[in-house]
1. Considering only the chain, what is the antiparallel percent among its DSSP beta bridges, to the nearest 5?
2. Starting from the Cα coordinates of the range 1-111, work out the convex hull volume and express it per residue in Å³.
3. In µm²/s, what is D for the range 102-203 at 25 °C and 0.890 mPa s, where D = kT/(6 pi eta Rh) by Stokes-Einstein and Rh is the Kirkwood radius from Cα pairs?
4. Would you please state which residues of the range 95-132 a label at I74 would reach in this model, taking the label point 7 Å out along Cα→Cβ and a backbone N cut-off of under 14 Å?
5. What does the charge count near I260 come to, summing +1 for each Lys or Arg and -1 for each Asp or Glu among other residues with Cβ under 12 Å from its Cβ?
6. Taking the radius of gyration and the Kirkwood hydrodynamic radius from Cα positions alone, what is the Rg/Rh ratio for the range 258-351, to two decimal places?
7. Would you work out the charge dipole size for the chain about its Cα centre, treating the Cβ of every Lys and Arg as +1 and the Cβ of every Asp and Glu as -1, and quote it to the nearest 20 debye?
8. Given a Förster distance of 30 Å, report the FRET efficiency between V328 and N259 from their Cβ-Cβ distance, rounded to the nearest 0.05.
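Laboratory data are not the source of any read-out in this text; all were calculated from the coordinates shown. Keep in mind that this is a model prediction, so the values were computed, not measured. All Cβ positions, glycine included, derive from the backbone under ideal geometry; neighbour counts span all protein chains shown.
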Amino acid sequence: MITRYPTKKIYVGDVAVGGDAPISTQSMTYSNTYDVDATVEQIKRLHFAGCDIVRVAVPDMEDALALKAIKERIDLPLVADIHYNYKLALIAAESVDCIRFNPGNIGEKSRIKEIVKACQQRDIPIRIGVNAGSLEKEFENKYGQTAEGMVASAEYNIKYLEDLGFTDIKISLKASDVERTVSAYRLLRPKNNYPFHLGVTEAGTLFHATVKSSIGLGTLLMEGIGDTMRVSITGELEEEINVARAILKDSGAMPDGLNIISCPTCGRIEADLVTAVAEIERRTAHIKTPLNVSVMGCVVNAIGEAAHADVAIAYGKGKGLVMVKGEVIANLDEHELVDKFVYEVEKMAELTK
Ligand code: SF4
């Protein structure tokens with residue numbers, strides 16, 4: 001059982017972050033933000049995939065000016081991502097639900113004061129988004145691009161915002177490797193109660209990003225650290241959300257849908273298990289009720305796994321058993337098993353909603 005670190009609850013639009021709010025998933029569009037149609041289309045794809053909060057890059061004034069039109073056409077909370085030019089944050093704050101700025105490249109602190117004033121006027125939160133690769137010079141010179149440097153930057157900026165009377169804050173401490181990322185979040189966690197946005201940045205392609213994020217974010221989530229998260233993938237939008245949701249589910253941070261236990265297959269296999277499990281995964285992807293199910297290739301471990309599963313298949317030679325809560329309810333030919341299994345899973349999901 002994971003005990004989450006008690007954090008302050010803030011709101012990004014209508015999505016609560018921190019406190020007892022569910023851990024939300026985030027992603028970013030890759031269209032030119034000034035291309036309103038393309039950006040809205042990508043945000044809608046993310047929304048459909050289950051994303052809770054979306055962020056868009058705001059590199060230029062035309063991007064900042066497009067935010068109002070984007071916001072009017074979407075139903076997800078919108079975060080503006082600001083680097084270098086604080087004036088873009090002032091324009092963005094008129095339309096979006098949160099401003100993320102990188103303290104390492106905004107420049108003079110008086111500029112942050114202007115951003116805070118704009119956010120206070122609209123009552124929207126700020127994410128202090130610290131990146132190991134772009135720390136303020138003073139912290140980089142003192143600590144290098146280390147977890148300690150990231151934490152020093154975050155603490156400095158938190159204090160700066162607090163001194164201005166601003167506490168609707170969330171924090172991210174991202175590095176491109178797991179060790180620094182995890183260390184930074186662990187170091188900062190006991191020092192304040194602001195919600196944390198988790199992420200390993202620039203994590204690479206789907207395969208590598210999945211591994212890095214599973215280790216890094218999974219470790220933190222299992223320690224009760226993390227209130228919202230982004231899995232950063234050089235790939236397609238939906239992949240970020242799918243991986244994020246899987247990490248939340250498999251770390252135990254947020255039960256969601258089926259936990260499918262399937263064997264790796266071996267020389268005892270007597271069925272086409274790979275095809276069967278792929279079909280089951282596809283046909284049950286819509287189920288949000290947390291259920292344990294098992295699909296095993298022969299009787300060696302099938303009965304043992306089925307005893308703990310809500311619904312199970314134990315394959316045999318050309319035939320197999322469907323079991324519910326450890327009881328055999330059907331003995332069918334191989335081609336009938338998946339249909340019966342999916343039927344029983346859908347029935348149980350409906351009953352236990
Ligand atoms: S359940 Fe059977 S087929 Fe699957 S890995 Fe175990 S022994 Fe092999």
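1. Details: 14 of 49 bridges.
Rounded to the nearest five, the antiparallel share is 30 percent.
2. Values: hull volume 13.3 nm³, N = 111.
Output value, Cα hull per residue: 120 Å³.
3. Values: Rh = 13.6 Å.
D = 180 µm²/s.
4. Under cut-off, by backbone N: 95-100.
5. On the way: positive: K249, R282, R283; negative: D250, E279, E281, E305, D310.
It works out to a net charge of -2.
6. Values: Rg = 11.7 Å, Rh = 12.8 Å.
Radius of gyration relative to Kirkwood radius: 0.92.
7. Details: 40 positive and 50 negative charges, 195 e Å.
Charge dipole, the chain, about its Cα centre: 940 debye, nearest 20.
8. Numbers: r = 21 Å, r/R0 = 0.71.
In this case the efficiency is close to 0.90.
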